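All remarks here apply to the structure that follows.
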Amino acid sequence: MSVEITGKSKIMFVLADPVDHVRASAVINAHFRAIGEDVATSPLHVLPEDLPAVVGAIRRMGNVVGFGVTIPHKVAIMSHLDLVTSGAEAIGAVNFVKRTAEGRLIGDNLDASGFIAGLASHRCAVGGKRVLQAGAGGAGRATAFAIAAAGAAELVISNRDEAKARALAECVAARHPTVNVLAGTAPAEDFDLVVNTTSLGMKAGDALPVDLSRIGPQTTVCDIIVNPAVTELMALAAARGARTIGGKAMLDEQMTLVAEFIRR
Ligand SMILES: NC(=O)c1ccc[n+]([C@@H]2O[C@H](COP(=O)([O-])OP(=O)(O)OC[C@H]3O[C@@H](n4cnc5c(N)ncnc54)[C@H](OP(=O)(O)O)[C@@H]3O)[C@@H](O)[C@H]2O)c1
């Protein structure tokens, strides 16, 4: 179905470099079409050195309501904004910017809130739970802060680069002192919730990010990878009777959050 973009449409962008792989604009457009709102989103190829000029120009565009930010701009964008939410500040990255009617730019990290909302949409609450997270990359930083903010009892972060897991665990523990946050590996069967935030599972033949060979139905396994919809990790978890939640839940909830964020 084609989209009719007119002078009444609210305009959004997704800033990226490279730009060919960007799918977020299509997902956002599909969401706004489904909820009947006149919003049109286009990817913009923006080189790192051009980011200040592009952001300055967007400020002056009266029909722009916001823009998504992806690789490699998620950290660099922060110094060009008028306000960054405290959650995004702690995570150290922004993935969505709202432009107010006055041209003020407010950055947030919707990976974090989208992740928790995605779990909630599957009736999975994090409060009081023991959580094992694989990965400490960009998305892993967001989910770790989100898990602690949601009141998990314990969070163990494992990562190939162990120093990154330790650094992340220290930052999360400092912000959420009531949560027992550790870095390292631990048996998955000791946890209520296992979350994969690594990119392992995107390609056929990838190693498994977590050993699930002893988990049972009491464990929930969440993989934030969107493609494939069912990763090998999820298939193994399901075969052991565990509940599984895929990355689409987090992505879908982020679309709802974008819609709410630009309305506020
Ligand atoms: N569902 C959603 O809405 C959503 C949102 C954001 C991201 N995601 C997905 O989350 C995944 C990670 O994205 P990201 O932005 O966090 O990427 P990233 O910043 O590049 O982080 C990648 C993570 O995967 C680990 N990793 C990569 N290759 C590995 C390997 N061969 N062996 C072991 N660990 C490996 C990295 O470990 P090292 O630190 O050791 O390199 C790091 O922890 C992607 O699949 C992305 O599509 C989904």
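The values are calculated or read from the model by the stated rules, or taken from the named source; none is laboratory data. Being a predicted model, the structure only gives us computed values, none of them experimental. Quick reminder, even Gly has a Cβ in these numbers, built from the backbone with ideal geometry, and neighbours come from all protein chains shown. Note: areas computed on protein heavy atoms with side chains; ligands, DNA, RNA excluded. Shrake-Rupley method; radii C 1.70, N 1.55, O 1.52, S 1.80 Å.
Details
- Computed from point charges on the beta carbon alone (+1 for Lys and Arg, -1 for Asp and Glu), the dipole magnitude for the range 10-108 about its Cα centre is near 220 Debye.
- Each residue of the range 165-237 gets 103 Å³ once the volume of the Cα convex hull is shared out per residue.
- GNM flexibility winner over the chain from Glu102, Glu170, Glu189 (Cα, springs under 10 Å): Glu102
- Counting only DSSP beta bridges with both residues in the chain, the antiparallel share comes to about 15 percent.
- Electrostatic bookkeeping for Gly216 treats Lys and Arg as +1 and Asp and Glu as -1; over the other residues with beta carbon under 15 Å from its beta carbon, the sum is 0.
- The chain: radius of gyration and largest Cα-Cα distance (Dmax), Å: 18.8, 58
- Carbon plus sulfur fraction of accessible area for the chain, probe 1.4 Å, in percent: 56
- Within the listed set Gly184, Gly56, Gly135, the Gaussian network model of the chain (springs between alpha-carbon atoms below 10 Å) gives the highest mean-square fluctuation for Gly56.
- Global geometry of the range 1-70, whether rounded, prolate or oblate, following the gyration tensor of its Cα atoms and the 1.5 cut on a/c: oblate
- Full-extension gain in nm, Lys8 to Thr178, via 0.36 nm per residue minus C-alpha separation: 56.4 nm
- Probe 1.4 Å, protein heavy atoms only - accessible area per residue of the range 128-264 in square angstrom: 46
- Pairs spanning more than 30 Å between alpha-carbon atoms, out of Lys10/Lys74; Lys164/Lys248; Lys74/Lys203; Lys129/Lys164; Lys98/Lys248; Lys129/Lys248: none are present.
- Note on the chain: with a GNM built from Cα contacts shorter than 10 Å, the maximum mean-square fluctuation among Gly92, Gly205, Gly137 falls on Gly205.
- By the rule of a C-alpha distance below 18 Å, with chain neighbours fewer than 8 residues away ignored, the aspartates and glutamates paired with Lys8 are Glu37, Asp38, Glu102.
- For the listed peptides 155-162, 253-260, a ranking on the average number of other beta carbons within 10 Å per residue, highest first, reads 155-162, 253-260.
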